[in-house]
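See below for the structure under consideration.
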Amino acid sequence: MGIPTCKEVHRLASEQLDRPLSLTEKLRMRAHLLACDACRTFNAQLAVMRKAMRGLPAINDTEKKADEL
Amino acid sequence: MPATRPPIAAPELESLRPALLRFALLQLRDQALAEDVVQDTLIAVLEKPDSFAGHASLRTYVTAILKYKIIDALRAGKRIRQLDTGDEQADAELIDVLFTAAGHVRDAPQAWADPAATLQQQDFFRVLEICLEKLPAKTARIFMMREWLELETDEICKELAISPSNAWVMLYRARLHLRACLDLNWFGQQSASR
């Protein structure tokens with residue numbers, strides 16, 4: 001096990017949304033994120049996507065604006 | 001029940017049907033089953049108008065019911081037609097182009113401009129929906145189970161008869177696809193127009 005690659009960390013960033021990561025995985029991910037802008041950004045974007053999906057406000061149609069506040 | 005509760009008008013409810021159907025199809029990928037679930041939803045709303053408190057929009061309320069009807073359908077074991085595995089190749093290619101052989105990202109993702117403001121914009125959800133429709137069918141389905149229906153991995157695995165590690169890989173691919181689509185069609189356009 002060397003330093004985790006972006007490829008590994010991207011995958012962990014996704015899997016942490018579906019299962020608890022092991023302590024080792026958490027530490028490896030944290031160490032990588034400290035040094036890597038790209039993976040930090042990706043991680044943040046996954047969080048935005050989850051928030052968006054969980055808050056998906058019904059179905060959006062063109063008439064949506066008219067009947068929503 | 002307060003007397004001021006707004007009544008639910010059948011025509012208004014009926015006008016939601018096409019949109020509900022599109023959304024159910026995203027998850028179920030089966031026209032007949034999607035139509036059944038939407039029909040059940042509309043009937044449930046009409047049968048219990050008192051449950052609609054009037055504080056949410058009718059659309060939000062009906063969609064919440066649709067969500068539970070879809071979960072019910074899944075749990076009742078209403079099998080959805082098996083999806084082919086033709087998506088696998090495209091998924092693997094997506095991952096290949098993102099990383100170098102050494103596992104580093106090829107092109108660093110650009111941070112998304114003010115995601116909090118984005119999430120308040122109705123247009124964003126329209127783009128999100130289009131991106132969901134563009135996902136490979138199998139990928140979209142598992143992603144919707146996890147993120148929209150909010151099922152846990154073990155239930156998804158049971159339903160789809162796949163292993164947890166298989167599920168995690170599919171969810172990962174779904175997120176990669178969706179992120180790329182949102183980047184291109186929403187956030188990318190935003191920064192281009194600035």
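Database remark: amide H of B:PHE99 closer than 5 angstrom to the amide H of B:ARG106 (H placed geometrically; neighbours at sequence offset of 5 or more, or on other chains; Pro and chain starts carry no H).
Counting Cβ atoms of other protein chains within 10 Å of each residue's Cβ and taking the mean over peptide B:116-128 gives 3. Within the shell of other residues whose beta carbon sits under 12 angstrom from the beta carbon of A:SER22, the net charge comes to +1, with Lys and Arg scored +1 and Asp and Glu -1.
Inter-label distance, B:HIS104 to B:ILE43: 6.1 nm, where each label sits 7 Å from its Cα along the C-beta direction. For the range B:148-189, the residues whose amide N sits under 18 Å from a probe point set 7 Å from the Cα of B:ARG126 along the beta carbon direction are B:182-189. Pairs to check: A:LYS26/B:LYS69; A:LYS26/B:LYS138; A:LYS7/B:LYS67; B:LYS48/B:LYS138; A:LYS7/B:LYS69. Give those whose C-alpha atoms are more than 32 Å from each other in this structure. Pairs exceeding 32 Å: A:LYS26/B:LYS69; A:LYS7/B:LYS67; B:LYS48/B:LYS138; A:LYS7/B:LYS69. For the segment A:10-18, counting C-beta atoms of other chains within 10 Å of every residue's C-beta and taking the mean gives 6. The gain in end-to-end length when the B:ILE71 to B:GLN31 segment is fully stretched comes to 12.8 nm, 0.36 nm per residue minus the alpha carbon separation. Placing pseudo-labels 7 Å out from each Cα toward the beta carbon at B:GLU155 and B:THR60 gives an inter-label distance of 2.3 nm.
Where a number appears in this text, it was derived from the coordinates with a stated rule and is not lab data. Everything quoted here is computed from the prediction, not taken from an experiment. Please note: Cβ atoms are built from the backbone with ideal geometry, for glycine as well, and neighbour counts cover all protein chains shown.
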